[in-house]
Amino acid sequence: MNKGLIIAGNWKMHKTAGESAAFFQELDQLLESENYRDDLTILIFPPFTSLAAVRGITSRIEIGAQNMGAHEQGAFTGEISPLMLKDLVKYVMIGHSERRQLFGEDDSLINQKIRLTLSHGFTPMLCVGETLDERERGRTLDRIASQLDLGLAGVTPEKVQDVVIAYEPVWAIGTGKTASPEEAQEVHAAIRDILKKKSHDANKNFILYGGSVNPDNSGYLMNQPDIDGALIGGASLKIESFFDIILNSSNPVRQ
Ligand code: 13P
């Protein structure tokens, strides 16, 4: 069974509420006028402050939150709880490498957040990926296995099947350096193998690739058997490049 593809944009700390709403409206018009594959999920993670503004604009674009606090409520200044996100988003991104590296999020906190998203009915997107140093030392698969083991600890196989995994090699994020389609496929196949021991049916898990995805490389990446979509940073901020990636993914390049 073909489960389709997810093309996701992570806007990080970009766009005001007004800019976000204008982007959604413009993209919606383009999507209305073009044929793209109907098993494609288009998903955008705007900043928290844009969520209310983009909600309700179109059913063609799913909405996600870039992060979530680890508690339901309480004295946690600056945090956003699942209760606050409930009416706004379906997806919640957890453990992006910027959260891990710049904000000190460790695997145990990430696991707490993953379990909280699932208990509130969100679809979590768990981000994993190795640093350049880990790759050069041949530690890529060990690192990813440990992020998956710790991040998904205590989650039932039925729930693991609902978790979207985003593989983002840290050295490929915002650098213009992409893993080649073959390099990415190798890691995605290893992730699928690890999920076979954890997930009710690992073939149903979406495993997305992220890291300098652009309109030129997206078709090749999406053509790999274990790559079920893309998580796009920089190229998701401009309508033209994000829309081109959507179109290219609808017509995967035959190699
Ligand atoms: P870039 O596409 O800008 O490399 O960012 C990738 C990313 O971090 C998406 O979450």
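The values are calculated or read from the model by the stated rules, or taken from the named source; none is laboratory data. Note that the coordinates shown come from a computational prediction; the quantities given were computed from them, not determined experimentally. With ideal geometry, Cβ positions are generated from the backbone for all residues, glycine too; neighbour counts draw on all protein chains shown.
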Would you confirm whether or not segment 91-103 contains a residue that is crowded, with 21+ Cβ neighbours inside 10 Å, more than 13 Å from the chain's Cα centre (by Cα) and polar (S, T, N, Q)? no
Kindly indicate whether Asp228 is out of contact with any Phe, Trp or Tyr (no Cβ under 6 Å at 6 or more places or on another chain) and at negative phi. no
Please work out if Glu72 is closer than 29 Å to Asp106 by Cα, of a type in the set (D, E, K, R) and crowded, with 16+ Cβ neighbours inside 10 Å. no
Hey, can you tell me all the residues within segment 117-136 that are in a helix (DSSP H, G or I), polar (S, T, N, Q) and surrounded by 16 or more Cβ atoms within 10 Å (Cβ to Cβ)? Thr117
Of the residues Gly64, Gly9, which single one is among the small types (Gly, Ala, Ser), within 16 Å of the ligand (Cβ to nearest atom), touching a helix residue (DSSP H, G or I) at 6+ places or on another chain (Cβ under 6 Å) and at pLDDT 95 or above? Gly9
Among the residues of segment 150-181, count how many are in contact (Cβ under 8 Å) with a residue 40 or more places away in the chain, out of contact with any Leu (no Cβ under 6 Å at 6 or more places or on another chain) and charged (D, E, K, R). 3
Any chance segment 27-41 includes a residue that's among the β-branched types (Val, Ile, Thr) and touching a residue at least 40 places away in the same chain (Cβ under 8 Å)? yes
If Asp244 meets every condition in (1) among the acidic types (Asp, Glu); (2) in a loop (DSSP other than H, G, I, E, B); (3) in contact (Cβ under 8 Å) with a residue 24 or more places away in the chain apart from one, which number is that one? (2)
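Yes/no per residue for (1) free of Cβ contacts under 8 Å to residues at least 24 places away in the same chain; (2) farther than 20 Å from Asp162 by Cβ; (3) of a type in the set (S, T, N, Q):
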{"residue": "Met84", "(1), (2), (3)": "yes, yes, no"}
{"residue": "Lys90", "(1), (2), (3)": "no, no, no"}
{"residue": "Glu98", "(1), (2), (3)": "no, yes, no"}
{"residue": "Arg115", "(1), (2), (3)": "no, no, no"}
{"residue": "Gly129", "(1), (2), (3)": "no, yes, no"}
{"residue": "Ile144", "(1), (2), (3)": "no, no, no"}
